[in-house]
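One structure is given below, encoded as C-alpha cells.
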Amino acid sequence: MTRVAIYPGSFDPLTNGHLDILQRSMGLFDKVIIGVAINSSKSLLFSIEERLGFIRTVTEGWSNLEIDTFEGLTVDYCRKRGAKSIIRGLRAVTDFDYEYAISLMNKKLAPEVETIFLMSSNEYSFVSSTIVKEVARHGRDVSAQVPEIVSKALLKKLSK
Ligand code: ADP
C-alpha cells in the first residue's frame with residue numbers, strides 16, 4: 001500500500017520553515033502532495049501561479065513529491081487523492097489551539113484521515129509567511145528565512 005500524505009497550506013510565500021517540514025515528512029511517506037490552497041481565507045500577496053512557481057523551482061528534481069492546488073476542504077481533497085494523512089507544522093504554542101481545533105473537526109468529517117504534526121525545527125520556530133512579508137515590506141533582508149527566489153520576488157513586489 002502506498003502511503004500518501006497531503007501537506008496543505010497557503011504558502012504565501014514558501015519559507016524555509018515550510019521546506020523543513022516538507023523534507024522531514026517526505027522521509028515518512030511514500031509520496032507527499034503539497035496542496036496549495038486556492039481559496040485561502042487569508043489576504044494573499046502572491047497569486048496561485050507565483051506561489052506554485054516558487055515551490056516548483058525550489059523542489060525541482062525531488063522525487064516522491066507532487067505539487068498541486070486544491071479548493072474547498074482539506075479532508076475532501078484527501079479523499080479525492082487517496083491520502084490518509086494530513087501534515088501540519090507546529091511552531092510555538094500559539095499554533096496549537098488553532099491546529100488542534102481544525103484536526104478535531106477534520107477527524108469528525110473524515111475519521112479515516114489522521115493529522116500528523118511535526119514540531120518546527122529550532123531555527124525556524126519564529127519563521128512565518130506573515131512575519132516574513134511584514135519584515136520585507138519595511139525593506140529588511142529576509143534571505144535567511146526564505147529561498148532566494150522568494151526573497152527576490154518579495155523585494156520586487158514590495159518595492160513597487
Ligand atoms: P495555512 O494558511 O494553512 O496556515 P501556511 O502556509 O501558513 O498555511 O502554513 C502551512 C503549514 O506549515 C501549517 O501547518 C503551518 O503551521 C506550517 N508552518 C508554517 N511555517 C512553519 C515553520 N516555520 N515551522 C513549522 N511549520 C510551519
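The values are calculated or read from the model by the stated rules, or taken from the named source; none is laboratory data. Worth saying up front: this structure is predicted, and the values here are computed from it rather than measured. Glycine also receives a Cβ, built like all others from the backbone with ideal geometry; neighbour counts cover every protein chain displayed. These area figures cover heavy atoms from the full protein model, side chains too; ligands, DNA and RNA do not enter into them. Shrake-Rupley method; radii C 1.70, N 1.55, O 1.52, S 1.80 Å.
For Ser47 and Ala92 in one chain, what is 0.36 nm times their gap in residues minus the Cα-Cα distance, to one decimal in nm? Let's see the in-between values first.
Values: separation 45, 0.36 × 45 = 16.20 nm, distance 2.77 nm.
Computed gain between Ser47 and Ala92 is 13.4 nm.
Sorting 75-81, 54-60, 14-20 by their mean Cβ neighbour count within 10 Å, with the most densely packed peptide first, gives 14-20, 75-81, 54-60.
Shape summary: the stretch 102-153 maps onto an equivalent ellipsoid whose semi-axes, from the alpha-carbon gyration tensor, are 33, 12, 10 Å in decreasing order.
Rounded to the nearest 0.05, what FRET efficiency do Ile38 and Thr130 give with R0 = 22 Å and r taken as the Cβ-Cβ distance? Could you check?
0.70
Structural size metrics of the chain, computed from C-alpha coordinates, are Rg and Dmax of 15.4, 50 Å.
Note that the stretch 120-159 presents 64 Å² accessible area per residue, ligands and nucleic acids not counted, probe 1.4 Å.
Report, in deg cm²/dmol and to the nearest 500, the calculated mean residue ellipticity at 222 nm for the chain, where each DSSP H run with n ≥ 4 adds -39500 (n - 2.57) and the sum is divided by the residue count.
Values: 6 runs with 66 residues, N = 160.
About -12500 deg cm²/dmol.
Quick check: at a probe of 1.4 Å, how many percent of the accessible area of the chain sits on carbon and sulfur atoms? Its accessible area is 54 percent carbon and sulfur atoms.
Pairing the Cα long axis of helix 148-158 with the longest principal axis of the chain, what angle in degrees results, from 0 to 90 and rounded to the nearest 10? So the helix axis and the longest Cα principal axis differ by about 60 degrees. With the chain treated as a Gaussian network of Cα nodes joined by springs under 10 Å, which of Lys107, Lys42, Lys84 yields the largest mean-square fluctuation? The residue that fluctuates most here is Lys42. Taking 0.36 nm per residue of separation and subtracting the Cα-Cα distance, full extension of the segment from Asn64 to Ser159 would add 30.5 nm.
Apply 1/(1 + (r/R0)^6) to the Cβ-Cβ distance of Met119 and Arg3, taking R0 = 30 Å, and write down the FRET efficiency to the nearest 0.05. Mind showing how you got there, number by number?
Working: r = 21 Å, r/R0 = 0.69.
So, using R0 = 30 Å, E works out to roughly 0.90.
For the listed residue pairs Lys42/Lys157; Lys108/Lys157; Lys80/Lys108; Lys42/Lys108, the alpha carbons are over 29 angstrom apart in Lys108/Lys157.
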